[in-house]
Amino acid sequence: GLAISPANPDVVYAIIELPEGKGGFYRSSDMGASWQKMSSHVSNSPQYYNEIFADPKDVNKVYSVETITRITTDGGKTWEALSNKYRHVDDHALWIDPDDTEHLIIGGDGGIYETYDGGKEWLFKCNLPVTQFYRVAVDRSEPFYFVYGGTQDNNSMGGPSRTTASGIPNWEWFITKGGDGFFSQIDPENPNIIYAESQYGNIIRYDRQSGERTFITPQPRKNEKTYKWNWNTPLIISPHDHQ
């Protein structure tokens, strides 16, 4: 992550991931010609975060967006958590009002929030349909097929492509699995059987008729090492055998 201070463009900040605890937060006062390590602070999941935002007026104030956003007011020496009161975790974007730096808009896995007091209280923008679907699948239901998918930290879910009513209300959608949702697959012969997953290969078989969820992630056999999974693990049903 890299940020130039609007308050003094000679000052540049960098947040760097390195192995064995060598990473951290760095500051340059000469446009990057030389650097000083201010602290060992790196976000808790650098491959997912590691973006920083410098305050427009205070050269020593920097935000690091992460699971719970951190803020420094001494150029990176010390860090404290930004308030998360009544707000979703996992922040990724930040706008700071250049005229009033207590006015912030933050975006993350739960949507968009606004504050006018530096983050003590937040207003959730509940009228924005901004859910991000990683993957989408459909079943073979009639007369209207159902759409399924995994969303960014807001569950895997399904809902009708159409109804006999005027529009599709929120209550028509249902959750198949919690967490970050990824691939969903539907049994081509029984649309009540849905396979859904969350991060790192946590797969379930969901029976829409009974509501039963069965954990089916492959497990290491005797004397095998623990399996490793991608964040977004591919999942398919054989076109030759639906089981």
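For the chain, which whole-number percentage of the solvent-accessible area (1.4 Å probe, protein heavy atoms only) is attributable to carbon and sulfur atoms?
Working: 7170 of 14000 Å².
Here it works out to 51 percent.
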### Query
How large is log10 I(q)/I(0) at q = 0.09, 0.10, 0.13, 0.17 Å⁻¹ when the Debye formula is applied to the Cα atoms of the chain, each weighted equally and without solvent?
-0.54, -0.65, -0.90, -1.16
## Note on the structure
P(r) over all Cα-Cα pairs of region 29-103, 10 Å bins from 0 to the longest distance, whole percent per bin, short to long, reads 18, 50, 29, 3, 0
### Task
Normalising by the residue count of the chain, find the relative contact order in percent from Cα pairs under 8 Å and 6+ residues apart.
9 percent
#### Entry: Sequence ranges 158-170, 53-65, 35-47, ranked by mean other-Cβ count within 10 angstrom, highest first
53-65, 35-47, 158-170
### Task
Using only the Cα atoms of region 99-243, build the gyration tensor, take square roots of its eigenvalues as a ≥ b ≥ c, and label the shape rounded, prolate or oblate: rounded if a/c is under 1.5, else prolate if a/b is larger than b/c, else oblate.
oblate
#### Entry: residue 124 versus residue 170: modelled label distance in nm, points set 7 Å from Cα along the beta carbon direction
0.8 nm
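So, for region 82-130, what is the accessible surface per residue at a probe of 1.4 Å, expressed in square angstrom?
Ligands and nucleic acids excluded, the result is 54 Å² per residue.
The values are calculated or read from the model by the stated rules, or taken from the named source; none is laboratory data. Quick caveat, the model's predicted, so the values are computed rather than measured. Using ideal geometry, Cβ is built from the backbone for each residue, glycine included, and neighbour counts are taken over all protein chains shown. Surface areas here come from the heavy atoms of the whole protein model, side chains and all, with no ligands, DNA or RNA. Shrake-Rupley method; radii C 1.70, N 1.55, O 1.52, S 1.80 Å.
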